[in-house]
1. I want to confirm something. Restricting to the stretch 98-117 and keeping residues that are in contact with a helix residue (DSSP H, G or I) (Cβ under 8 Å, 6 or more places away or on another chain) and among the aromatic types (Phe, Trp, Tyr), which single residue is farthest from residue 79 (Cα to Cα)?
2. Among the residues of the stretch 102-139, what is the count of those that are of a type in the set (S, T, N, Q) and touching a residue at least 60 places away in the same chain (Cβ under 8 Å)?
3. Of the residues 97, 80, 158, only one is acidic (Asp, Glu) and in contact with a Gly (Cβ under 7 Å, 6 or more places away or on another chain); which?
4. Show me the helices (runs of 4 or more DSSP H) found entirely inside the stretch 61-177 where at least 3 residues are open to solvent by 100 Å² or more (accessible area, probe 1.4 Å).
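The values are calculated or read from the model by the stated rules, or taken from the named source; none is laboratory data. Small disclaimer: the values here were computed from a predicted structure and weren't measured. Cβ sites come from the backbone with ideal geometry, for glycine too, and all protein chains shown count toward neighbours. We work out accessible area using only protein heavy atoms, side chains counted, and drop any ligands, DNA or RNA first. Shrake-Rupley method; radii C 1.70, N 1.55, O 1.52, S 1.80 Å.
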Amino acid sequence: MNSNETSSAAELGFLCCQPVATCVYLSPSEHGKLQDTCKFSWAKVFRGKKVQGEYDIKVEQADFSEVNLVAYANSTCNVDLQVIRNGTKVVRSFKPDFVLVRQHAYSMAKNEDFRNMIIGLQYAGVPSVNSLESIYNLCDKPWAFAQLINTCKKLGPDQFPLIEQTYYPNHKDMVSS
C-alpha cells in the first residue's frame, strides 16, 4: 500500500492513558535504570506500524483527566479527548479498539479518582494490555494485599513470603490496639 492509500485504510484506535509528565520506562542504553521523561510518545512507537499488514494503528495518548467516555453494553465505547496542543484546546472523538493504561486509576489526592473510566472501559469490553480488572483491584491497596495473603496461604510462607501487615477499617481502631 502506498502513502496515498493509507488514509483510506482501516484504522485501529489505541488509547494510552498515561500522564505525559510522569512517563517512566526502562532505558535500553542504561539497563536496569528507570528513566523519567516528559517526551515519551507511544504514537511515535507505533507510527507507520500495521496490524495484520492492513490496519493502521492510530494512537491517542492522554491523561485520565483529559478523557471523557460513554460506554454501551453492545461492546462499544465513544471517547472524547480534550487536550491542549500548542496552546489550543483540541477535542478528538474516536472508538478505542485497545487500551494501555500507564496511570494510577485512583489516588487520595483531590480530583484523582478515575475508577469510573476503568469501569466504563470494562463495561464496553475494550481489550487492554494490562487487565482492567487488575487495574481496578489495585485501586484499593488492602484489597490487593488480601489477594497476596490468599496466595501465601496456598503456597506457604516459604514459597511466597509477605511482610506482616495489619488492616484497620478506620483510624479509631488503630488507637485501641
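1. Top of the filtered list is 106.
2. 1
3. 97
4. By residue number, 141-155, 171-176.
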